[in-house]
Amino acid sequence: MIGVLLAVGGLALLVILGVSSIQNGGHLTGLPGLPSTKPFTQTVTLDAGTTAFTSIEVCDKIGNVNLQVDPTATKTTVTALKTVQASSETDAANLFKQVTVEVQPPTTISKALSCSTQQPPATATASSPTTPTSASSALIINVTLPKPVDNQVDLTVTLPTTAIQTTDHPSLTLNVEAPKGDITVSGLSGVLKLHGETGNVNVTHAVLADGSQIETGQGNVSFDGFLFMPADAQTSARYMLRNETGTITATLPANTNVTLDANTNIGAIHSDFPLSINNNGGPVSYHGPLNASAGPTPLATLVLDVSTGNVNIKKAKQVSP
């Protein structure tokens, strides 16, 4: 009988520990004999110089990524906020050394990129002109975490206007992979390939070039800017915003001339543009011109695709140049 009671008591303790662990993000705290942990933070700012970049790649498995253009900045800087879980300042200091943030330039990346897939440079087309990428014109930011369950790095990349293209042709190639965190991009234009899994993706003051793909799994996707249209009547372009669960919001100039391909399996499509849509609570889709009065047959297609959630198409106050 005593053995049964001990077994039951042990099982109950395991259940309690399991619940406690879940409630504390997987950490067992406050138990005799087990050191409790708490978050420690460290901020590091790295200088990437004054180079004009034609490509940017950011790999950060856990943490938020923010890229912004600052007209007052004179050089590109990368600010990394490291957060580690440790039981003491000594342990935290050791973990901070293991959490590495490499920036190229000025140094050369020495560790394998933590991105799950490496994006090849975009191919130049009439709709998305690019400049050949060399090591000196590519900005690479790579975060390596020793214990990805417990630690994270939030990145803020600030670029001066001289670090990106200043012509009417958005030639930058931007690849960001941040599976667990929010992605925010402001003021950058070109082929934007932004990939998240559990977090929101927000793009503002941007021009999307052909081949841009903005996506996340669980979270919202929003875009407020322009679409770079093909100059050649024989060339098409395609831009994609998608997620599995969440809301997609695209804010576009009133005179945007594009074919809209919008889809949701469970949700609704709402538009400031005059579209014929039947929201019946089930799968809803629309394929046709976004703005029939905007001009000739569109050369470009904008895909807005969500599995569970709404699609919102908003009309901006400004017009396309």
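The values are calculated or read from the model by the stated rules, or taken from the named source; none is laboratory data. Treat the numbers as computed from the prediction; the structure is a model and nothing was measured. Cβ placement follows ideal geometry from the backbone for every residue including glycine, while neighbour counts extend to all protein chains displayed.
Side notes on the structure shown:
- Any hit, segment 55-76, residues being outside the structural domain of Gly190 (by the TED database), surrounded by fewer than 17 Cβ atoms within 10 Å (Cβ to Cβ) and part of a strand (DSSP E or B): yes
- Members of segment 263-302 found to be hydrophobic (A, V, I, L, M, F, W, C) and under 17 Å from Ala237 (Cβ atoms), listed by number: Leu290, Ala294, Leu299, Ala300, Leu302
- Residue tally, condition crowded, with 23+ Cβ neighbours inside 10 Å, assigned to a strand (DSSP E or B) and either without any contact (Cβ under 8 Å) to a residue 60 or more places away in the chain or hydroxyl-bearing (Ser, Thr, Tyr) (or both), over segment 241-263: 2
- Pairs with Cβ under 6 Å, 6+ apart, first in segment 174-195 and more than 12 Å from Ile164 (Cβ to Cβ) and modelled with pLDDT of 95 or more, second in a strand (DSSP E or B) and of a type in the set (Gly, Ala, Ser): Ala178/Gly196; Ile183/Gly196
- Within segment 77-119, considering residues that are touching a Gly at 6+ places or on another chain (Cβ under 9 Å) and part of a loop (DSSP other than H, G, I, E, B), the one farthest from Asp182 (Cα to Cα): Pro106
- Considering the conditions (1) in a loop (DSSP other than H, G, I, E, B); (2) crowded, with 19+ Cβ neighbours inside 10 Å, Leu302 is excluded by exactly one of them, (1).
- Annotation note: of Phe223, Phe228, the sole residue that is modelled with pLDDT under 95, over 19 Å from Val58 (Cα atoms) and among the aromatic types (Phe, Trp, Tyr) is Phe228.
Residue-by-condition table, conditions (1) over 25 Å from the mean Cα position of the chain (by Cα); (2) acidic (Asp, Glu); (3) modelled with pLDDT of 95 or more:
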{"position": "Val8", "(1), (2), (3)": "yes, no, no"}
{"position": "Ser20", "(1), (2), (3)": "yes, no, no"}
{"position": "Glu57", "(1), (2), (3)": "no, yes, yes"}
{"position": "Asp60", "(1), (2), (3)": "no, yes, yes"}
{"position": "Gln85", "(1), (2), (3)": "no, no, no"}
